Amino acid sequence: MTNRRQQLTTAWYRRSAVAVRVLAAVVGGYACTVALAGSGAQLLALLGGMARSDAVILAAMLGFLLYLVLLLWSFAERKLWKIWAWLLAGTLFGMGLQYWLTPLLAARTLIER
């Protein structure tokens, strides 16, 4: 009986670990990609001298590649905590950069008019 219970516990642990990894890859990777692509579009518009629409399109295209890389890396990394830590750090970095760049982009738009 104990051996059977141990097998069920081990099976449940492995399934939940896979589910959490999939959640990290899909949801965390998406959040990180959105934050970094948005801040990348703002950087391209401010520093690259691109039109806003062109910057958004280029950042969105690069975002697809970033999302693919994050998905593959999430399943290649052995430690689950590293996945969550890097995805959270990337998301916070991208969101912070957007928060910091938004007033600069708005000021530039007002000056150009």
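Quick notes on this structure:
- Restricting region 45-86 to residues that are charged (D, E, K, R) and surrounded by 12 or more Cβ atoms within 10 Å (Cβ to Cβ), the residue that is farthest from Leu105 (Cα to Cα) is Glu77.
- Any hit, region 82-89, residues being among the β-branched types (Val, Ile, Thr) and at pLDDT below 95: no
- Screening Ala24, Ala41 for residues that are more than 17 Å from Thr102 (Cβ to Cβ) and modelled with pLDDT of 90 or more leaves exactly one candidate, Ala24.
The values are calculated or read from the model by the stated rules, or taken from the named source; none is laboratory data. On a predicted model such as this, the values are computed, not experimentally measured, just so you know. Neighbour counts run over all protein chains shown; Cβ positions are idealised from the backbone, glycine included.
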